[in-house]
1. Return the residues of region 1-44 that are in contact with a Gly (Cβ under 7 Å, 6 or more places away or on another chain), within 21 Å of Val74 (Cα to Cα) and not β-branched (Val, Ile, Thr); say none if nothing qualifies.
2. Identify all residues within region 5-26 that are loosely packed, with under 10 Cβ neighbours inside 10 Å, closer than 26 Å to Lys66 by Cβ and free of Cβ contacts under 8 Å to residues at least 24 places away in the same chain; write none if there are none.
Amino acid sequence: MNAEVLEERSLPLRIEVGRGRITPADLLRLEEGSVVELEKAAGDPVELYLSGRRLGRGEVLVLEGKLCVRMTEVFSALECLRVGRIR
């Protein structure tokens with residue numbers, strides 16, 4: 001496959017920064033600016049997934065008040081195929 005074809009494509013990237021539980025009543029009260037606590041904090045490692053396959057690892061950062069992720073490791077194509085799809 002020609003690499004130029006891939007450069008034009010948009011693929012889903014998922015970064016899981018935590019999970020939490022919330023009641024339906026609390027969910028309905030959420031509005032813009034609401035804060036939802038997650039398990040991860042600045043400096044914690046996260047997994048990165050591209051099109052459902054694990055792509056690499058990163059680290060949670062907070063820059064200028066915004067949650068960000070710095071990629072710290074990108075797996076080779078062979079490693080991505082070996083670890084398989086997410087569950």
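1. Matches in region 1-44: Lys40 only.
2. Those that are loosely packed, with under 10 Cβ neighbours inside 10 Å, closer than 26 Å to Lys66 by Cβ and free of Cβ contacts under 8 Å to residues at least 24 places away in the same chain: Ser10, Arg19, Gly20, Arg21.
Only the coordinates and a few stated rules stand behind these numbers; no lab work does. From a predicted model like this one, the values you see are computed outputs, not experimental measurements. As a convention, Cβ positions derive from the backbone with ideal geometry for all residues, glycine included, and neighbour counts pool all protein chains shown.
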